[in-house]
1. Anything in segment 311-320 that is in contact with a strand residue (DSSP E or B) (Cβ under 9 Å, 6 or more places away or on another chain) and surrounded by 18 or more Cβ atoms within 10 Å (Cβ to Cβ)? List them, or say none.
2. Residues 208, 187, 173: which one is farther than 18 Å from residue 103 by Cβ and touching a helix residue (DSSP H, G or I) at 6+ places or on another chain (Cβ under 8 Å)?
3. Restricting to segment 64-102, and then to whatever is in contact with a strand residue (DSSP E or B) (Cβ under 6 Å, 6 or more places away or on another chain) and not in a loop (DSSP other than H, G, I, E, B), can you tell me which residue is modelled with the lowest pLDDT?
4. Tell me which residues, restricted to segment 255-297, are surrounded by fewer than 16 Cβ atoms within 10 Å (Cβ to Cβ) and within 16 Å of residue 234 (Cα to Cα).
5. Of the conditions (1) part of a helix (DSSP H, G or I); (2) touching a strand residue (DSSP E or B) at 6+ places or on another chain (Cβ under 9 Å); (3) more than 19 Å from residue 72 (Cβ to Cβ), residue 283 clears all except one; give me its number.
6. Out of all the residues in segment 300-308, is one or more out of contact with any strand residue (DSSP E or B) (no Cβ under 8 Å at 6 or more places or on another chain) and surrounded by 16 or more Cβ atoms within 10 Å (Cβ to Cβ)?
7. Please give the number of the condition residue 336 fails out of (1) surrounded by fewer than 16 Cβ atoms within 10 Å (Cβ to Cβ); (2) assigned to a loop (DSSP other than H, G, I, E, B); (3) modelled with pLDDT of 75 or more.
């Protein structure tokens, strides 16, 4: 007889109980319901062949145990700062990528040579950068309380006045051909209290091998700005699920842990996508991981195994409890091909 994964469990049932000693992470039941409906347990067991024997635990038990521990706010001990973008390494590959029809858009450091070339351009070569409004509530703009405090206390602050962009060819030192460089010039007013100091001009540069007919200069800037969301994802991976805090003494083991810890972030993303109420799902998707744990996972409850069911007896009624119960019932009816 092939043993079932221990994480397979039974049917989850939510009840309200009296206050007794229990777990503070009752929302795990909701996440586990989603995992079972997605068939993730079976997928992990069929894809990974780590152990020769699977008694009493299967591979999915170990993987989900680590992922659920992270979802519940668990952490590891040692920090490992990963190397970030190395510009010298990247630029020497531009020609190779272009020959293989690999398109790219990268940000460039504002080197003196680039700044000098941008400053030497005529004003007629610059175009205004108009950004779409983020929208907001109607009825007039609220008073800027923070600005009033800054002025009253004499703090220095920066205020963006305008943005302009242009484009020119540029050949990096380690390349044999030139590429499109889009320069974004920001004119910034420097205030100290209510005094206006000398304005500052700052440059941002982007390099790409994508043809202008495919991606305009303005679209290149937007494409690069959209990458900021990936920076947020890296930050949440590092400080949210703590996937980059390595608990093991070998590179391969730490790599495996990082993948399993990142699964916790994926569970949050999948939960947001599958959440019945779209507005709430969008809110979950934008949440930092720490707030997601506080809202959805940290629900005090008592877990009782009765027959084929796992009963989650709720010990309190936080603000998200109605959403959690309704979502659990909705996910029971999910069907995937």
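The values are calculated or read from the model by the stated rules, or taken from the named source; none is laboratory data. Being a predicted model, the structure only gives us computed values, none of them experimental. Please note: Cβ atoms are built from the backbone with ideal geometry, for glycine as well, and neighbour counts cover all protein chains shown.
1. Matches in segment 311-320: 311, 312, 313, 314, 315.
2. 173
3. 79
4. 255, 259, 266, 269, 285, 286, 288, 290
5. (2)
6. Within segment 300-308 (the criterion being out of contact with any strand residue (DSSP E or B) (no Cβ under 8 Å at 6 or more places or on another chain) and surrounded by 16 or more Cβ atoms within 10 Å (Cβ to Cβ)), the answer is no, since none of the residues qualifies.
7. Checking residue 336 against (1) surrounded by fewer than 16 Cβ atoms within 10 Å (Cβ to Cβ); (2) assigned to a loop (DSSP other than H, G, I, E, B); (3) modelled with pLDDT of 75 or more, the one that fails is (3).
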